[in-house]
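*Asks:* Just dropping this structure here.
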Amino acid sequence: MSTNTENPSIEAMYASMGISPEVFAYGERVWNSLKERFEEIDALSEYNQMKVINAMQKNRVSEACLHGTTGYGYNDLGRETLEKVYADIFHTEDALVRPQITCGTHALALALMSNLRPGDELLSPVGKPYDTLEEVIGIRPSVGSLREYGISYRQVDLLPGGGFDYEGIRRAVNEKTKLATIQRSKGYQTRPTLSVNEIGQLISFIKSLKPDVICMVDNCYGEFTERREPSDVGADLVAGSLIKNPGGGLAPIGGYLAGKRECIENAAFRLTSPGLGREVGATLQALGAFYQGLFLAPSVTANALKAAIFAANLYEGLGFPVIPDGKEPRHDIIQAVTFGKPEGVVAFCEGIQQAAPVDGYVTPEPWDMPGYDAPVIMAAGAFVSGSSIELSADGPIKPPYVVYFQGGLTWQHGKLGIMKTLQKLVEKEIILKDFGRRNL
Ligand SMILES: *Cc1c(COP(=O)(O)O)cnc(C)c1O
């Protein structure tokens, strides 16, 4: 194991990054068991890569599209073309893709606030939505919430096994129900992520009860993890963040909505102003990164999927509950690992941070965050601040002490990050030193 031969070993390289021989050997065993699975992921990214290129070619993306506008942003060719590209990828009538949509929460809030009116009711048929949406909806009292505007909310939880409560949904849909919000990804929960197929079944059921209910999908973290998107199975509207999957790690800001023409138009008038709608909104310097990031997104998402699958198998082998498990199909890029104690969550996040190309020297600590109801620890050493398509981990410090891990622009970085987490857990004696001698 020397570093000055003609072909220095990978093990030596890991050693120089602080990875012990035991952790390295265990990681290699896990990785070797995943080769077939990784081939399937490669086929997925191949399919989605062509979907993206096809949409770009069909809409005649040109060099001129890469330059943005300033001021009002009238006649922004690049913006208008990009919105057509998104609509083609999601197979929707229209799309809104803007740097002025500041994050995923904003994209979802925009979709809801623009398509609901006072007196309408919003339904979540998949249980509690993502933490930050509680304030958008007004589940937790909040200035400017839907609730303040007289929009009511009803929720039907998933059944204990994770399935849809069809009877409960039947009872919940009423004459006021205007929009159903369906969260694809588990977010900060331990429920299963919904597959596109399951989302399609749910939408058909809701439409069979009341055909004019707008079915919206919170698509955050789900884009390009399957060959189809929720809009391929009946969703009227999908929304997400460009600093997650579809930005490919390059988009420095932004969000998107794709869906029915009328839903998108409503959103455009709300995003800017009645009367102006989609005609304004300068793109400044963002378009080049939006296009190039979208081009990379299928492959970047595949890398993140590989890292998540590796983490699942590695921690499952050590006896920790993982969601999804090592074998099951993936519908988003998030991996949850339950440590059962705060020290496990903290050690994991320290490991991820120590693998980062940016801010790799800092130590993350639990902190109160706006929008969250418990202290959260976040590990990220990202080129784009807060980007969670880049290798990152976070966990609310509350039982059952689950860490949520996602991202990795490259699989190699994801692998290093996971190796570092295991190294940290071993060094802090949260995992016993003899782990490597036990069977996978
Ligand atoms: C990340 C996320 C959001 C919110 O996006 P932000 O960009 O953090 O505001 C909403 N829903 C889900 C499922 C998410 O993963």
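*Asks:* Any idea which of (1) away from the ligand (no atom under 15 Å from the Cβ); (2) under 26 Å from Ile323 (Cα atoms); (3) buried (at least 19 other Cβ atoms within 10 Å of the Cβ) is the one Thr177 doesn't satisfy?
*Replies:* Every listed condition holds for Thr177 apart from (2).
*Asks:* Out of curiosity, is Ser299 hydroxyl-bearing (Ser, Thr, Tyr) and assigned to a loop (DSSP other than H, G, I, E, B)?
*Replies:* Working: hydroxyl-bearing (Ser, Thr, Tyr): yes; assigned to a loop (DSSP other than H, G, I, E, B): no.
So Ser299 does not fit the description; no.
Conditions (1) within 16 Å of the ligand (Cβ to nearest atom); (2) at pLDDT below 95, marked per residue:
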position: Glu350; (1), (2): no, no
position: Gln354; (1), (2): no, no
position: Asp359; (1), (2): no, no
position: Pro364; (1), (2): no, no
position: Trp367; (1), (2): yes, yes
position: Ala380; (1), (2): yes, yes
position: Val384; (1), (2): yes, no
position: Ile389; (1), (2): yes, no
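*Asks:* May I pose another question? Looking for something touching a residue at least 60 places away in the same chain (Cβ under 8 Å), buried (at least 18 other Cβ atoms within 10 Å of the Cβ), in a helix (DSSP H, G or I) and not acidic (Asp, Glu) - is there at least one such residue anywhere in segment 392-412?
*Replies:* yes
One line per residue, one yes/no per condition, for (1) within 30 Å of Gln201 (Cβ to Cβ); (2) more than 16 Å from the ligand (Cβ to nearest atom); (3) surrounded by 20 or more Cβ atoms within 10 Å (Cβ to Cβ):
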position: Leu82; (1), (2), (3): no, yes, yes
position: Tyr86; (1), (2), (3): yes, yes, yes
position: Ile101; (1), (2), (3): yes, no, yes
position: Gly104; (1), (2), (3): yes, no, yes
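*Asks:* So Glu262 clears everything in (1) free of Cβ contacts under 8 Å to residues at least 24 places away in the same chain; (2) within 16 Å of the ligand (Cβ to nearest atom) except one condition, right? Which one?
*Replies:* Glu262 satisfies every listed condition except (2).
*Asks:* Is there a residue being under 21 Å from Lys128 (Cα atoms) and touching a helix residue (DSSP H, G or I) at 6+ places or on another chain (Cβ under 6 Å) anywhere in segment 245-260?
*Replies:* Scanning segment 245-260 turns up no residue that is under 21 Å from Lys128 (Cα atoms) and touching a helix residue (DSSP H, G or I) at 6+ places or on another chain (Cβ under 6 Å).
*Asks:* Now a separate question. How many residues, within segment 413-434, are without any contact (Cβ under 8 Å) to a residue 12 or more places away in the chain and part of a loop (DSSP other than H, G, I, E, B)?
*Replies:* Result for segment 413-434: 2.
The values are calculated or read from the model by the stated rules, or taken from the named source; none is laboratory data. Computed from a predicted structure; not experimentally measured. Positions of Cβ are generated from backbone atoms using ideal geometry, with glycine treated the same way; all protein chains shown enter the neighbour counts.
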